[in-house]
Amino acid sequence: MKIAILSRSTKLYSTRRLVEAAAERGHDAQVVDTLRCYMDIASHDPAIHYRGEELRGVEAVIPRIGASITFYGTAVVRQFEMMGVFSLNESVAISRSRDKLRSLQLLSRRGIGLPVTGFAHSTRYTSDLIQLVGGAPLVVKLLEGTQGMGVVLCETEKAAESVIDAFRELDAQFIVQEFIKEAGGADLRCFVVGDKVVGSMMRKGKEGEFRSNLHRGGSAQAVKITPEERSTAVRSARIMGLNVAGVDILRSNHGPVVMEVNSSPGLEGIENATGKDIAGRIIEFVERNAAKGKTKTRGTG
């Protein structure tokens, strides 16, 4: 099978592992720089060109699209879908999960546990917005932030008002969320492939840091999750429409609450923490499911 891995670099751990896992199973995996693709948007014969020639014979595509190139990246995935190529995660699902506000609204509608969240345009009623999420301490989070950037813990209501006013002055879009103190600066990353959690780890922030992102110096270790946490992770991925997802969960006093559903979860942390061949599980899923024209959206979303 010829598989295109959409990634900006062959040196990234996740990209390299997917190439290795595909090769071990006898597949031809080509790393394709998403931003170097260009598209022939023709009515009857859509095509993708790459490095001066048409990209032919691709049977499946694995998108590894960074948040900064979501718009163009999903356009490339959509073009593959229009060509009838199976995409591990489809364009609509990627866009849905990248929109933090929309994803929370969709999860909420389906009864998934979430931190109490507020969203507003005007700062005229900031104090009421703060009370809506239970008052301080609370978290103010930029909708465009990734890997813990643009996330601020406000210990007091005065601090929260200052941060909200500052973000508003910058015309930034943000949400306000309750702070789950009992999580102790730790979260769960549940790695979902298909309808199963194939690996899970607990990430904990470094001393004095409430954000648990590994990119910010956090640590990770394998963890056994509860049936409720497992079900929450799988349902969250399904609601987003993602075949592969990293679902971030906090353990709260009222059960698991979902912080984010990631459409391009990194493999390094989860493979190192669990010792599992997660890349292999992804390639196995592609083997079982890839077929011409099997994409659900066909580029219409």
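The values are calculated or read from the model by the stated rules, or taken from the named source; none is laboratory data. The shown structure was predicted, so the numbers you read here are calculated from the model rather than taken from an experiment. Methodologically, a virtual Cβ is constructed for each residue, glycine included, from the backbone with ideal geometry; neighbour enumeration extends over all protein chains shown.
Among residues belonging to segment 34-87 that are acidic (Asp, Glu) and under 25 Å from GLY266 (Cα atoms), point out the one that is surrounded by the fewest Cβ atoms within 10 Å (Cβ to Cβ). Within segment 34-87, the match that is surrounded by the fewest Cβ atoms within 10 Å (Cβ to Cβ) is GLU59.
Does SER7 meet the test of being touching a residue at least 24 places away in the same chain (Cβ under 8 Å) and over 24 Å from ASP277 (Cβ atoms)? Answer is no for this residue. Only a single criterion out of (1) over 14 Å from the mean Cα position of the chain (by Cα); (2) more than 13 Å from VAL286 (Cβ to Cβ) is not satisfied by GLY26, namely (2). When each of PHE210, PHE191 is tested for being modelled with pLDDT of 95 or more and either surrounded by 19 or more Cβ atoms within 10 Å (Cβ to Cβ) or not aliphatic (A, V, I, L, M) (or both), the lone residue that passes is PHE191. Among the residues of segment 15-22, is there at least one that is under 17 Å from GLU268 (Cβ atoms) and free of Cβ contacts under 8 Å to residues at least 12 places away in the same chain? Yes, because at least one residue in segment 15-22 is under 17 Å from GLU268 (Cβ atoms) and free of Cβ contacts under 8 Å to residues at least 12 places away in the same chain.
Residues that are among the acidic types (Asp, Glu) and at pLDDT 90 or above within segment 129-160 comprise GLU155, GLU157, listed in sequence order.
Conditions (1) surrounded by fewer than 22 Cβ atoms within 10 Å (Cβ to Cβ); (2) at positive phi, marked per residue:
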site	(1), (2)
GLU228	yes, no
SER231	yes, no
ALA237	no, no
ASP248	yes, no
GLY255	yes, yes
VAL258	no, no
GLU268	yes, no
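Across segment 37-74, the number of residues qualifying as on the phi < 0 side of the Ramachandran plot and part of a loop (DSSP other than H, G, I, E, B) comes to 13.
Of the residues making up segment 120-142, those that are buried (at least 16 other Cβ atoms within 10 Å of the Cβ) and outside any helix (DSSP H, G or I) number 9.
Would a scan of segment 106-119 turn up a residue that is at pLDDT 90 or above, part of a helix (DSSP H, G or I) and surrounded by fewer than 15 Cβ atoms within 10 Å (Cβ to Cβ)? Yes: one or more hits. Within segment 146-175, if we keep just the residues that are touching a helix residue (DSSP H, G or I) at 6+ places or on another chain (Cβ under 6 Å) and among the β-branched types (Val, Ile, Thr), the residue that is surrounded by the most Cβ atoms within 10 Å (Cβ to Cβ) turns out to be ILE164.
Taking the listed residues GLY113, GLY184, the one that is without any contact (Cβ under 8 Å) to a residue 24 or more places away in the chain, under 20 Å from LEU250 (Cα atoms) and in contact with a strand residue (DSSP E or B) (Cβ under 9 Å, 6 or more places away or on another chain) is GLY184, with no other qualifying.
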